[in-house]
Amino acid sequence: MNYAYKIRSIENQIEELEVLKKSFERRQEEARSKEGMDRWIDYPFTSSSVRTPEFKSFEKDFIEELKKQVGNEFKPYGFGGSHFYVSGFLKNKKTGKIVYISVSDVRFFPNGWYEDVLIRTAKDEKDYTGGSNNSCEFYEIYEKAKELTE
C-alpha cells in the first residue's frame, strides 16, 4: 500500500473542503446583511438532526412575510416548520375554501421555498393530500391561492 499517496489524496480533499467551507461562510455572511426574505435566497442552511436557530429564524420570516402577502383576505392555519420545511393552510375568508402550502427541505433544495412552492386545494385544515398539485414562486402565493379558492 502506498501510504504517501493516500495521505496526499486526503490532504487534497481537506484543501478542497476548506475552500468550499470558506465559500459557504462568505455566502452566509452576505445573506445576513440582506433584509427580509431576500436574505434567505441562496442561503446555505446547516444540516442537523434538530431544527437549527437559523431555520427557526427562516421559518418565522417566512410566516410573517406570507401573512403580509395574503393580507386580510386569507386566514392562515397551522403554519410551522417540521424539521427543515414549512407548511400550513390558507382559508379564503370570503369563500371559505382552503389551500395547503408546503416548501421542500431548505437544506437540500436551497431556493425551493422561493422558486417552487407547492400549493393545492384542501377539504379542511387537516387535509395534507388535497387536490391536484400546483406550484408557484413565493411572491405568487397570494395570486395562486386566490385563483384556487375563488
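Quick rundown of the values:
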| item | result |
| --- | --- |
| Boolean, PHE74 is surrounded by 14 or more Cβ atoms within 10 Å (Cβ to Cβ) and either in contact with a Lys or Arg (Cβ under 9 Å, 6 or more places away or on another chain) or of a type in the set (S, T, N, Q) (or both) | yes |
| Looking only at the range 114-148, and only at residues there that are in contact with a strand residue (DSSP E or B) (Cβ under 9 Å, 6 or more places away or on another chain) and aromatic (Phe, Trp, Tyr), the one that is surrounded by the fewest Cβ atoms within 10 Å (Cβ to Cβ) | TYR128 |
| Scope the range 1-48; condition assigned to a helix (DSSP H, G or I) and touching an Asp or Glu at 6+ places or on another chain (Cβ under 9 Å); matching residues | ARG27, GLN28, GLU30, ALA31, GLY36, MET37, ARG39, TRP40 |
| Residue list for the range 49-68, restricted to those being free of Cβ contacts under 8 Å to residues at least 24 places away in the same chain and in a loop (DSSP other than H, G, I, E, B) | SER49, VAL50, THR52 |
| Criterion violated by ARG27 - all others in (1) without any contact (Cβ under 8 Å) to a residue 12 or more places away in the chain; (2) within 30 Å of PHE138 (Cα to Cα); (3) among the charged types (D, E, K, R) satisfied | (1) |
| Among (1) surrounded by 15 or more Cβ atoms within 10 Å (Cβ to Cβ); (2) β-branched (Val, Ile, Thr); (3) touching a residue at least 60 places away in the same chain (Cβ under 8 Å), the one test that THR46 misses | (1) |
| Enumeration of residues in the range 48-91 that are more than 12 Å from the chain's Cα centre (by Cα) and basic (Lys, Arg) | ARG51, LYS67, LYS68, LYS75, LYS91 |
| Qualifying residue in the range 96-103 (condition: exposed (fewer than 15 other Cβ atoms within 10 Å of the Cβ), at pLDDT 90 or above and more than 26 Å from SER47 (Cα to Cα)) | yes |
| Any hit, the range 34-43, residues being in contact with a Pro (Cβ under 8 Å, 6 or more places away or on another chain), surrounded by fewer than 16 Cβ atoms within 10 Å (Cβ to Cβ) and farther than 20 Å from TYR128 by Cα | yes |
| Filter result (closer than 16 Å to TYR139 by Cβ and modelled with pLDDT of 95 or more) within the range 77-92 | LEU90 |
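The values are calculated or read from the model by the stated rules, or taken from the named source; none is laboratory data. These numbers were taken from a predicted model, which means no experiment stands behind them. Heads up, the Cβs are rebuilt from the backbone with ideal geometry, glycines too, and the neighbour counts pull from every protein chain shown.
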